[in-house]
Amino acid sequence: MKKRLIQITLTMICAANLLAGCGERPEETGTEEIQITETKIPREDGLMPENSLDEADEPMPEAQVQEEEESRVESPEEQVQEEEEGRVEPTGEHDRQMLALLDESCGSQIYVYTSVDMNKDGINEMIGVTDDDFAVWYCSSDLAECYMVSDGPSQGYDDCAIKEIEFNEERHVVINTYNLIGNSKSYSILALHDGKMEILVDDNYGYVYANEKNDIILDVESYDGEYDKDGDFWLMHTWVDTYLYYEGGKYKEYGAAALDEKDFLKYDNAREVLDEIDRENRNEDVLEMRYSYFIRENGIVHIQCEEESEWFIDYYYYTFRVNENRLDVEMSQNYGIMYPILSQLDEVTYP
């Protein structure tokens, strides 16, 4: 559980700033301050509040950054940042030829690239991204075509990461662009169909990757891990995941449908799981623990927790995979609020 001393200190700092009339964003002096946002109550239609995807990238205080490091796993972007910096030159002759052609065609050095057999014909193509505007370029496996697929996202970002999604008969390429501070990010998904590049998803909010179970994860960010009751503002930078799938030439979202508690308790080990969550999180400061439940068509179940104390309400959720009417015992906890819809995709399906 988080240190209450840090939380109370943050509350005092924010209250002092408000009393001093610090309503404008401070000049960048190297000291990060907390982002104070409006109270976000889930909308009746199940969507995230409208400002959730468009919040300004406000820096966070040093104390909050330290607190977050103790309470969450690394975000996908941070995992990418730990990899070796700088472009790694290819070793194979075919890859060197494709990369050289991309460099020549775009007029500068490609910043990041991937060599991948997108149509699974046994020969790799290459996708590269420039380092200035993150424009996306394509080089065909026979070196006959090299052209720009996209001129980049609609807004500027700090960095870029390429991910691949594996299917039985093809591979898709995800271009993730994001800022190193704040919650701004976007992704595009590319496919190679009939010898031509196709943009299946273009500059949508979030960060997409395939996990070790080959689930397609869409990760979105917000500031909704903890609500300060007295100060009436939100704390904690959060990362919340939803699940996508590809069908009929389109990407769609597995929506999270509300699940009644009586239906949740029909899982063989549901009561055991709730008791374990309660043991892990309840302490003398907790006034009330509240639970709600969500289920997805791909067999994923979430338990949303609201942990209320005298000064704060903490929001976090657990994710489980259903197997033979049991919830898997490896509980995954993330701070944030789960919503039925987290993507900007046109189609969402529910169980």
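The values are calculated or read from the model by the stated rules, or taken from the named source; none is laboratory data. Values in this document were obtained by computation on a predicted structure and should not be read as measured data. Note that each Cβ is placed from the backbone with ideal geometry, even for glycine, and that neighbours are counted across all protein chains shown. Ligands, DNA and RNA are stripped out before the accessible areas are found, and what is left, the full protein with its side chains, is counted by its heavy atoms. Shrake-Rupley method; radii C 1.70, N 1.55, O 1.52, S 1.80 Å.
Restricting attention to segment 197-249, the residues being under 19 Å from the mean Cα position of the chain (by Cα), among the acidic types (Asp, Glu) and not in a strand (DSSP E or B) number 3. The criterion of at least 1 residues that are buried (at least 16 other Cβ atoms within 10 Å of the Cβ) and of a type in the set (Phe, Trp, Tyr) is met, among strands (runs of 3 or more DSSP E) falling completely within segment 288-341, by 288-295, 312-323, 332-335. The condition of being among the polar types (S, T, N, Q), under 22 Å from Thr319 (Cα atoms), in contact (Cβ under 8 Å) with a residue 40 or more places away in the chain and buried (at least 17 other Cβ atoms within 10 Å of the Cβ) holds for Thr242. Close Cβ contacts (under 6 Å, 6 or more residues apart or on different chains) running from residues in segment 135-149 that are over 15 Å from Asp194 (Cα atoms) to residues that are part of a loop (DSSP other than H, G, I, E, B) and open to solvent by less than 30 Å² (accessible area, probe 1.4 Å) comprise Ala135/Gly152; Met148/Ala135. Against the criterion of being among the aliphatic types (A, V, I, L, M) and open to solvent by 60 Å² or more (accessible area, probe 1.4 Å), Ile181 qualifies.
For segment 184-200, a residue qualifies if it is over 14 Å from Ile127 (Cβ atoms), open to solvent by less than 10 Å² (accessible area, probe 1.4 Å) and not hydroxyl-bearing (Ser, Thr, Tyr), and exactly one does: Lys185. Which members of segment 144-173 meet the condition of being among the hydrophobic types (A, V, I, L, M, F, W, C) and open to solvent by 60 Å² or more (accessible area, probe 1.4 Å)? The answer is Ala144, Met148.
Looking across Gly336, Gly299, one residue alone is out of contact with any Leu (no Cβ under 8 Å at 6 or more places or on another chain) and within 28 Å of His237 (Cβ to Cβ). It is Gly336. Considering segment 121-137, and only residues there that are in a loop (DSSP other than H, G, I, E, B) and under 25 Å from the mean Cα position of the chain (by Cα), the residue that is nearest to Ser150 (Cα to Cα) turns out to be Ala135. Asp285 falls short on exactly one of the conditions (1) of a type in the set (D, E, K, R); (2) out of contact with any helix residue (DSSP H, G or I) (no Cβ under 7 Å at 6 or more places or on another chain); (3) in contact (Cβ under 8 Å) with a residue 60 or more places away in the chain, and that condition is (2). Residues considered: Ser105, Ser141. Of these, the only one that is at pLDDT 95 or above, open to solvent by less than 30 Å² (accessible area, probe 1.4 Å), more than 27 Å from Glu212 (Cβ to Cβ) and outside any strand (DSSP E or B) is Ser141.
Here's the yes/no breakdown for (1) open to solvent by less than 70 Å² (accessible area, probe 1.4 Å); (2) part of a strand (DSSP E or B); (3) more than 25 Å from Glu310 (Cβ to Cβ):
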residue	(1), (2), (3)
Tyr251	yes, yes, yes
Lys262	no, no, yes
Lys266	no, no, yes
Glu272	no, no, yes
Ile277	yes, no, no
Glu280	no, no, no
Asn283	yes, no, no
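Restricting attention to segment 154-184, the residues that are aromatic (Phe, Trp, Tyr) and in a loop (DSSP other than H, G, I, E, B) total 2.
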